[in-house]
Amino acid sequence: MHADLLRSLPKPVCAYLYDTAALRERAASVRAALPTGASLMYAVKANGHPSVVQTMAAACDGLEVASGGELALAVDAGAKRIVFGGPGKTDAELAAAAAAGALINVESLHELRRLAALGTAPPVCLRVNRPGGGLHGSHTMTGTPTPFGIDETQLGEAMTVPGVHIIGFHLHAVSNNLDGAAHAAFVTDALTWSQRAAGELGIDLRVVNAGGGFGVDYLSGASMDLTPLSAVTVPPGLDLIFEPGRYLAADAGWYAAEVLDLKTTHGRTFAVLRGGTHHFRLPAAWGYSHPFTVVPVDEWPHPYPRPSVRDTAVDAVGELCTPRDVLTRGRHVDTLRAGDILVFARTGAYGWDISHHEFLRHDPPRFVLVPDAER
Ligand SMILES: *Cc1c(COP(=O)(O)O)cnc(C)c1O
């Protein structure tokens, strides 16, 4: 967890550490677990830090982007391939994606018609919200009413839109699935369904995009077992795309925040951090307690007593003026003092990127890349 690096940072410590070598190692291990014939894209929305994006552009087959801003990042990072999705694309974003040579995942009939009107006929996949075919995770996106994709019953109408070049389907269905065998079964079913649907609709099927959704369990430290995926058979000539974000980036990031104050009110102990949900919103958004470890900092340069607790359950809370600024509730500590640093592991994905940075206008964290010598 890079204790010495954290202790060396300016005080009060508040930082995200990102380890680009860990990103490369994870990308290599995911690739090794995927079936032959599969492509690995990184979903930029998990972590759009330019160094992370550059690392993944080199380590993966391409990048998955979901806005004009992410598209620009991916182009700057030299992505070998780009796929572009998202339920609300503007005409300008569609044109930029087509100009960048991206494979566009079209999410509605109206979007398909708007794309056709651009006149360039770039290759597209239809994102489909199938009945069934869903998976269990933290967010389910298909087999249920959502803003994502085209209802399966409307695919025939999509085929009547002139001036588009449909080469496959996009079937991203879930986020944070923890069951590898179920995920492999979903992918196999997605391939079977795509071949049948393409046959019925008259599509020359080249691409099936199975999306992302490989899960990590923040509470237990477990991750989805990828081994069942290697047994999926990819039909010859077909490009099976995976585009995970969380699984690739989560373990390459740590959020660290110094304890500014430590107090007990009405029998409950609070560690108030130089940081909070405006930097790391995920636990508040999902309603769980993110585990932390304590990096002890022994120096105490002040003449007044150092707040400290022993053998106590503490709530790790932030510096915002709201009782909802909570990262962790009731976690036991052997010893904790003001000036110690709490480190939240597995925060390389959906950490800073999903947080409401401007609320209360505190200084942002430092962003520190772990030097190779520290590994
Ligand atoms: C968010 C997203 C991903 C990545 O999801 P993870 O759960 O981070 O793997 C992939 N594809 C699409 C279309 C997405 O919206």
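Considering all C-alpha pairs of the chain, those separated by over 33 Å amount to 35%. A Förster distance of 35 Å, applied to the separation of the beta-carbon atoms of residue 113 and residue 76, puts the FRET efficiency at 0.70.
Expressed to the nearest 5 percent, the antiparallel share of DSSP beta bridges inside segment 81-244 is 15 percent.
Roughly how large, in nm² to one decimal, is the mean projection of the convex hull of the alpha-carbon atoms in segment 117-165? Before the final figure, lay out the partial values.
Numbers: hull surface 17.2 nm².
Result: 4.3 nm².
Phi angles of segment 291-297 translate, via the Karplus equation with coefficients 6.51, -1.76, 1.60 and θ = phi - 60°, into HN-Hα couplings of x, 9, 10, 9, 9, x, 10 Hz per residue; Gly and Pro are given as x.
Across segment 45-85, the fraction of Cα-Cα pairs farther apart than 11 Å, rounded to a whole number, is 54%. Beta bridges assigned by DSSP with both partners in the chain are antiparallel in approximately 45 percent of cases.
Label point of residue 374 set 7 angstrom out along Cα-Cβ; within segment 283-298, amide nitrogens under 18 Å from it belong to 293-298. Taking the empirical scaling 2.2 N^0.38 Å for compact globular proteins as reference, segment 272-357 has a Cα radius of gyration ratio of 1.12. Here the Kirkwood formula puts the hydrodynamic radius of segment 175-220 at 12.1 Å, using every distinct Cα pair.
Along its first, second and third principal axes, ordered by size, segment 189-293 spans 67, 26, 22 Å in Cα coordinates.
Spin-label model, residue 92 to residue 200: label points 7 Å out along the Cα-to-beta-carbon direction sit 4.0 nm apart.
Using all pairs of distinct alpha-carbon atoms, the Kirkwood hydrodynamic radius of segment 81-244 works out to 16.2 angstrom.
From least to most packed, judged by other beta carbons within 10 angstrom and beginning with the fewest, 157, 258, 243 follow the order 157, 258, 243.
Semi-axes of the equivalent ellipsoid of segment 28-120 are 25, 15, 11 Å, computed as sqrt(5λ) over the eigenvalues of the C-alpha gyration tensor in descending order.
Residue exposure proxy: 36, 322, ordered by other Cβ atoms within 10 angstrom of their Cβ from fewest to most, comes out as 36, 322. Coupling constants for segment 45-53 follow from the phi torsions by the Karplus curve (6.51 cos²θ - 1.76 cosθ + 1.60, θ = phi - 60°), and in residue order they are 5, 5, 6, x, 4, x, 5, 5, 5 Hz; glycine and proline get x. Here segment 240-285 is described by how far its Cα atoms reach on the three principal axes: 56, 19, 16 Å, from widest to narrowest. Each Lys or Arg adds one and each Asp or Glu subtracts one; over the other residues with Cβ under 12 Å from the Cβ of residue 9, this totals +2.
Here, each number is a calculation from the coordinates, and none is a lab measurement. Bear in mind the structure is a predicted one, so any value in this text is a computation, not a measurement. Counting neighbours? That spans all protein chains shown, and the Cβs are built from the backbone with ideal geometry, glycine included.
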